[in-house]
Structures are given as C-alpha cells and as structure tokens.
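Okay, so here's the structure we're looking at.
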Amino acid sequence: MKKIFLILIIPIYIVMTSSGGSSTPAWQQENVSFPMMDLEINAAMKEHDRQKEMRQKQTVNATVETVNQSQWKDYKDKVTKVQDRLRIVSFAIQSIPTGIAMSREITKITDNQTAIINEISTTPYSIVTILPSQVQFVDDLQMATRLTDDQTYGSAAVSAIKTLSRK
C-alpha cells in the first residue's frame, strides 16, 4: 500500500514542482505591479459602491415619481372640480341681473293683466262687440307691416344680387 502511495505521489510532486524551465514567478513574468493592482481593485470597488448607491437612488426616485404622479392626478381632478363649481357660481352671479330684470317685467305684466281684467270687468256690455273688431284691426295691421317689410327686404336683396351680377 505504501508502494502504491509512493508511486502515485512522486509523479504528482514532480509535475507540480516543475516550472517549465523558468525559475521566475509568473507575476514577475507578466510585469505585475502590486500597488497598481491595489489601485485598480480599489477603483473597481468604489465604482461598484457608486453603482449600488445610484441604483438605490434610482429606485427611491422612481417611487417618489410614482407618488408625485398620483398626487398630481389628484390635484388636477380637484382643480377641475373647483373650476366646474366656479363656472356654475359665475353663471349664477351673471344671471342675477337678468333674473331681477325678468322679475320686474313679470311684475309689470302681472300688474297690466290685473288692470286689464279690472277694466274689462267694469266695462259696459257694448265693449264686448267692439273689442273683437279692434283685435282684428291690430292683427290686420301686423300682417300688413310684415308684408311691407318682406317686400322691402326682398327688393333690397334682389337689388344687391343684380349689382353683384353686373360686376
């Protein structure tokens, strides 16, 4: 058993101790400078740490950006809601003078109707026969006015067309 062990160990020892004919270590053959290697390793480690820090900051920035986007969306929604409410309030404020004018006109019309009803209720019965003819007169007058207006506007339009066609 010792023989087998020695037979196997001796060739392994010879192979491991042979340096290929050169007694110079490998790091000297490659012109390796340990201080330069140390600088390179330190620079690589610092770069690695810087990259890790940048990755962490990027993750934090992405998270903050996501939160900012959701807050900005909420802000836009709130602004839109406030603008809609302000439009309604603005319309209401702008309609107040119109409402007041309408209220005054309604009051005038109601007063006139009341006065007319009072006059009709106190008039003699002869007015009942005269009133329809007066209404017919006003209706005829209105129709005649419309007819003359239409003729005037029509002749003006025909005149304008003729002048354009002459040019």
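So the values come out like this:
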| quantity | calculated |
| --- | --- |
| Fully extended contour minus Cα-Cα distance, from M45 to L131, at 0.36 nm per residue | 19.8 nm |
| Convex hull volume per residue for the stretch 65-141, taking Cα atoms only, in Å³ | 146 |
| Local electrostatic count, F91, Cβ distance below 12 Å [Lys/Arg +1, Asp/Glu -1] | +1 |
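No value in this document is a laboratory result; all are computed from the given coordinates. Computed from a predicted model, the values in this text were never measured in an experiment. Positions of Cβ are generated from backbone atoms using ideal geometry, with glycine treated the same way; all protein chains shown enter the neighbour counts.
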